Amino acid sequence: MDLGLKGKVAIVTGSAQGIGKVVARTFAKEGANVVIADIQEEKGKQTAQECQALGVKAIFVKTDVTKYEDVDNLVKTAVKELGRVDALVHDAATFVIGPFRKLPVDSWNKVINICLFGAMNCGHAVAEPMVAQKKGHIVFVGSDAGRTGDASQAAYSAAKGGIMAFSKSLALDLGPSGITVNVVSPGLTLTPENTELMEKLIGKEGDEKRQKVVSIYPLRKLGTAEDVANVAVFMASDKAGHVTGQVLSVSGGYSMVG
Amino acid sequence: MELGLKGKTVIITGGGSNIGRAIFLAFVKEGSTVINAEIDETQAKKVLDEAKGLPGKALFIKTDVTDWDSVQNMVKTAIEKTGQIDVLVNNVGWVYDRLFVEKPREEWEKEIKLNYWSYINCTRGVLDHFIARKGGNIVSVGSDAGRVGEFREAVYGGCKGAIIATSKAIAREVGRYNIRLNVVCPGATIPKKEEVGKDSMWQEAFKFFTPEMAEKAAHAYTLRRLGTAAELANAVVFMASDAASFITGQTLSVSGGYSMM
């Protein structure tokens, strides 16, 4: 299916690694020019290079999504260097794992700041060029933790749940200007960079501990960054032009809500 | 985006007009072999003609989806003709908009037959085959009426809600065989007059869904317009594809923001 993304401009936050990086590469494969936004400079530039190798324009803009001036600069640079902004995918995130009552109170701020305030900063900054164009697609990467809650992930669940509510309000605000806003919601997702972390959390492949976790998923497997990226890029395309204010879980049936 | 649908066999129920027709043509465009399980022969032949020249193959098997024997026959014939079924799209639906307290019982029974029993028959009809080959994909057309409730569509909405709930249950049962079930929900999707058959529900429904009413209804959508059948079809094709291979038990509204859950 031709998603109609050739020559379009997509900003991807959190694209130095993980799902964000695969989202950026997927955009590039579809012929879109990409803006890599991340606080990690070396890895971010690496992603930009890999996208260029796929035949598109790709620039890296160092961005701390918790600082509005950074995000504002990100969007303005995208418009200046690449002409416009057709899509934004926000994947910048962090998490703190542990039983809520044992976590230090100041550990929540980081999670809410990067995930939720980051999303709000991006939604605010990118609205201006998109409204002027009377067209645009915004996709936030949420989490099933925000849909059904996740044990030992209180701040993360709150932030991702907040992103979902925010995205609907934003969809209602921007809809009359022809802009869609949606959320893609992964479950446990394997990325090239998180193998070690996953092993720590749920055991090695083949372990009984991991088998137990995998058996909770109706499709009997965990997600990959590609699974999530395909859906995010589809939502960011004109082929999903009548989809807005929606949350779609890409988590093998982990949650079946609504 | 590579969707992996080339050469796959897709069954669509009620592909004779409106949303079903758009889904049928969208899959043929992807290079699939598409079977129209449609009761209206004239409409089905019209759509076969429209499919000429597109990359895939277009076939027709006359089917009454409310009749279990007819459905079993259709599935058997489909497997004989194509060797393997990959996707089922449950699209047949019927509604007559009326306040719940003004509805005659026969209309409820017709709605339950055409919306829910059709879904049960066809889903059950392909599942043995899907389980045996450890793969398969069922995408059902729901409705925002089944998610958030809709004036004048109480039992119709109930049927669409039933499709959502049943798809989730079956998704849990057969996920282990690599079989996925999902539901895609349109908002009001009004066909062109020349597109529908003489027995179509739209012959009556056009009296209600006038151009003036459609313009008024558009205000309820944040995108300020009603959706097209083609837009719904894009989402169905995507959900049936390899690109959506980790999605199951989900409901996606393609309705311009009419419902946000």
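When B:Asn137 is tested against (1) touching a Lys or Arg at 6+ places or on another chain (Cβ under 8 Å); (2) under 20 Å from B:Asp69 (Cβ atoms); (3) not basic (Lys, Arg), only condition (2) is not met. Look at region A:61-76: where a residue is of a type in the set (S, T, N, Q) and a partner is surrounded by fewer than 24 Cβ atoms within 10 Å (Cβ to Cβ), sitting 6+ places away or on another chain with Cβ atoms under 6 Å, you get A:Thr63/A:Asp70; A:Thr66/A:Asn113; A:Thr66/A:Ile114; A:Thr66/A:Phe117. Give the residue that is farthest from A:Ser143 (Cα to Cα), with candidates limited to residues of region A:216-237 that are surrounded by fewer than 17 Cβ atoms within 10 Å (Cβ to Cβ) and facing chain B (nearest Cβ under 9 Å). This residue is A:Arg220.
For A:Leu88, indicate whether it is modelled with pLDDT of 95 or more, part of a helix (DSSP H, G or I) and hydrophobic (A, V, I, L, M, F, W, C). Here the answer is no, as A:Leu88 does not meet what is asked.
Each row is one residue, and each column tells you yes or no for (1) surrounded by 20 or more Cβ atoms within 10 Å (Cβ to Cβ); (2) touching a residue at least 60 places away in the same chain (Cβ under 8 Å); (3) of a type outside the set (Gly, Ala, Ser).
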position	(1), (2), (3)
A:Lys8	yes, yes, yes
A:Gly14	yes, yes, no
A:Arg25	yes, yes, yes
A:Lys29	no, no, yes
A:Asp38	yes, no, yes
A:Thr47	yes, no, yes
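If I ask for residues that are away from chain B (no Cβ under 13 Å) and not in a strand (DSSP E or B), which ones from region A:1-21 would you list?
A:Gly7, A:Lys8, A:Gly14, A:Ser15, A:Ala16, A:Gln17, A:Gly18, A:Gly20, A:Lys21 - these are the residues of region A:1-21 that are away from chain B (no Cβ under 13 Å) and not in a strand (DSSP E or B).
The number of residues in region B:166-221 that are within 14 Å of chain A (Cβ to nearest Cβ) and charged (D, E, K, R) comes to 5.
The residue that is nearest to the chain's Cα centre (by Cα), among those in region B:239-254 that are farther than 17 Å from A:Met256 by Cβ and at the interface with chain A (Cβ under 7 Å from one of its Cβ atoms), is B:Val254. Only one of the numbered conditions (1) within 14 Å of the chain's Cα centre (by Cα); (2) closer than 28 Å to B:Val254 by Cα; (3) away from chain B (no Cβ under 14 Å) is violated by A:Ile114, and that is (2). Going by what's in this entry, would B:Ala171 be described as among the small types (Gly, Ala, Ser), more than 17 Å from the chain's Cα centre (by Cα) and either surrounded by fewer than 18 Cβ atoms within 10 Å (Cβ to Cβ) or assigned to a helix (DSSP H, G or I) (or both)? Yes: the conditions hold for B:Ala171. Every condition in (1) touching a Ser or Thr at 6+ places or on another chain (Cβ under 7 Å); (2) free of Cβ contacts under 8 Å to residues at least 40 places away in the same chain holds for B:Lys160 except the one numbered (2).
The values are calculated or read from the model by the stated rules, or taken from the named source; none is laboratory data. These figures come from a predicted structure and were not determined experimentally. Cβ: placed from backbone, ideal geometry, glycine included. Neighbour counts: every protein chain shown.
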